């Protein structure tokens, strides 16, 4: 790494990470879209985190729940597609981070909280949501969409240019 720039191999690794995280988001979104009976109600009703009352209230409001379901299904899918394509990568990372923060806060792996659906293991503070959030932060700050993605085209067209004198 010279002059604070990442090497080609480092950028390839981060690009692979971006595509893998994007695939996970896309898959989760499509799985929810393709299931006519999917709703976030069960997850929200079982919230145990510091905002449990808010999540449970949201689940009890049919109109708000319907909007939350649509936002979740389409939002996850959109974030996934954008990350895979490397298009609006930073915006996609921020959207993904927003989703993950909400998922994490609904059922955080803190002492005293528990999630009633069995998971693949027991966690203390760090779970797969937090790990994926950290991956999105790395993708966000490295700009991998400008290395191997459609952001290259956008950056070329609309990138900062020095004004001519």
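Against the condition over 15 Å from the mean Cα position of the chain (by Cα), touching a residue at least 12 places away in the same chain (Cβ under 8 Å), surrounded by fewer than 16 Cβ atoms within 10 Å (Cβ to Cβ) and more than 30 Å from residue 158 (Cα to Cα), how does residue 50 come out, does it pass? I'd like the intermediate steps shown before the answer.
Numbers: over 15 Å from the mean Cα position of the chain (by Cα): yes; touching a residue at least 12 places away in the same chain (Cβ under 8 Å): yes; surrounded by fewer than 16 Cβ atoms within 10 Å (Cβ to Cβ): yes; more than 30 Å from residue 158 (Cα to Cα): yes.
Yes.
Report the residue count in the range 143-157 for those that are surrounded by fewer than 19 Cβ atoms within 10 Å (Cβ to Cβ) and closer than 13 Å to residue 13 by Cα.
Within the range 143-157, the first condition is being surrounded by fewer than 19 Cβ atoms within 10 Å (Cβ to Cβ), and the residues that meet it are 143, 148, 150, 152-157.
Filter again for closer than 13 Å to residue 13 by Cα, leaving 143, 148.
Summing the residues that are surrounded by fewer than 19 Cβ atoms within 10 Å (Cβ to Cβ) and closer than 13 Å to residue 13 by Cα in the range 143-157 gives 2.
Could you tell me how many of the residues in the range 143-161 are assigned to a helix (DSSP H, G or I) and within 16 Å of the chain's Cα centre (by Cα)? Give the steps one after another, and end with the answer.
Going residue by residue through the range 143-161, those that are assigned to a helix (DSSP H, G or I) are 144-146, 151-158.
Keeping just the survivors that are within 16 Å of the chain's Cα centre (by Cα) gives 144-145.
The total comes to 2.
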- [ ] Among the numbered conditions (1) at pLDDT 80 or above; (2) surrounded by 12 or more Cβ atoms within 10 Å (Cβ to Cβ), tell me where residue 123 comes up short.
- [x] (1)
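The values are calculated or read from the model by the stated rules, or taken from the named source; none is laboratory data. Model, not experiment: these values are computed from the prediction. Counting neighbours? That spans all protein chains shown, and the Cβs are built from the backbone with ideal geometry, glycine included.
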